[in-house]
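Enquirer: Provided herewith is a single structure, encoded as structure tokens, for subsequent inquiry.
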Amino acid sequence: MWSWVAHRVTGVLIFFFLFVHVLDTALVRVSPEAYDEVVATYKTPIVALLEYGLVAAILFHALNGLRVIAVDFWAKGARYQKQMLWTVMGIWIVLMAGAVYPVLGHAARELFGS
């Protein structure tokens with residue numbers, strides 16, 4: 001049940017990110033100075049945490065989407081959906097652990113120094 005909710009929530013979050021991304025990119029045509037100010041805010045540690053959340057949402061949504069496809073199109077998919085969910089969660093945790101330094105490294109250096 002919770003994977004159904006999480007899949008939809010991550011999909012909505014990704015949609016809103018894309019909406020904001022299109023808006024901030026369009027800002028460059030309206031006011032390059034305002035665009036530069038917006039982009040400067042993206043280099044803050046708080047935004048780095050939000051980026052990490054975005055990576056988490058995209059990875060979960062993609063991996064769980066593959067699981068849903070397997071459940072729908074594999075004859076034995078429904079029988080193994082619980083095991084596939086645990087596999088998705090394991091892969092997701094490993095990938096999120098691997099994304100900590102690339103995504104949050106700059107924020108850590110900003111907060112705690114080189």
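Enquirer: Report, by residue number, each residue of region 21-38 that is assigned to a helix (DSSP H, G or I) and among the hydroxyl-bearing types (Ser, Thr, Tyr).
Expert: Answer for region 21-38, where residues must be assigned to a helix (DSSP H, G or I) and among the hydroxyl-bearing types (Ser, Thr, Tyr): Thr25, Tyr35.
The rows are residues; the columns are (1) at pLDDT below 95; (2) polar (S, T, N, Q).
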{"residue": "Tyr42", "(1), (2)": "yes, no"}
{"residue": "Pro45", "(1), (2)": "yes, no"}
{"residue": "Ala48", "(1), (2)": "yes, no"}
{"residue": "Ala57", "(1), (2)": "no, no"}
{"residue": "His61", "(1), (2)": "no, no"}
{"residue": "Asn64", "(1), (2)": "no, yes"}
{"residue": "Lys82", "(1), (2)": "yes, no"}
{"residue": "Gly98", "(1), (2)": "no, no"}
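Enquirer: Exactly one condition in (1) open to solvent by less than 50 Å² (accessible area, probe 1.4 Å); (2) of a type in the set (Val, Ile, Thr); (3) under 13 Å from the mean Cα position of the chain (by Cα); (4) farther than 21 Å from Val12 by Cα is false for Val71; which is it?
Expert: Tallying (1) open to solvent by less than 50 Å² (accessible area, probe 1.4 Å); (2) of a type in the set (Val, Ile, Thr); (3) under 13 Å from the mean Cα position of the chain (by Cα); (4) farther than 21 Å from Val12 by Cα, Val71 fails exactly one: (3).
Enquirer: Just wondering, is there one or more residues in region 97-109 that are aromatic (Phe, Trp, Tyr), touching a Phe, Trp or Tyr at 6+ places or on another chain (Cβ under 9 Å), open to solvent by 40 Å² or more (accessible area, probe 1.4 Å) and in a helix (DSSP H, G or I)?
Expert: no
Enquirer: Inside region 1-27, can you point out the residues that are open to solvent by 60 Å² or more (accessible area, probe 1.4 Å) and in contact with a helix residue (DSSP H, G or I) (Cβ under 7 Å, 6 or more places away or on another chain)?
Expert: Leu13, Phe17
Enquirer: Quick one: what pairs do we get from region 39-56, first residue touching a residue at least 60 places away in the same chain (Cβ under 8 Å) and in a helix (DSSP H, G or I), second hydrophobic (A, V, I, L, M, F, W, C) and open to solvent by 60 Å² or more (accessible area, probe 1.4 Å), C-beta under 8 Å, 6+ apart or different chains?
Expert: As it stands, the answer is Pro45/Leu111, since those pairs meet every condition given.
Enquirer: Quick one: which residue in Val94, Val100, Val88 is over 25 Å from Thr44 (Cα atoms), in contact (Cβ under 8 Å) with a residue 12 or more places away in the chain and of a type in the set (A, V, I, L, M)?
Expert: Answer to the check: Val88.
Enquirer: Another question, if that's okay. Condition check: in contact with a Leu (Cβ under 6 Å, 6 or more places away or on another chain) and among the hydrophobic types (A, V, I, L, M, F, W, C). Does Ala40 satisfy that?
Expert: no
Enquirer: Give me the residue from region 74-89 that is open to solvent by 30 Å² or more (accessible area, probe 1.4 Å) and part of a helix (DSSP H, G or I) and, out of that set, nearest to Ile14 (Cα to Cα).
Expert: Of everything passing the filter in region 74-89, Met89 is nearest to Ile14 (Cα to Cα).
The values are calculated or read from the model by the stated rules, or taken from the named source; none is laboratory data. What you see is a predicted model, and the numbers here were worked out from it, not measured in a lab. When we count neighbours, we look across all protein chains shown, and the Cβ atoms used for this are built from the backbone with ideal geometry, even at glycine. Heads up: the accessible areas ignore ligands, DNA and RNA and are worked out on the full protein's heavy atoms, side chains in. Shrake-Rupley method; radii C 1.70, N 1.55, O 1.52, S 1.80 Å.
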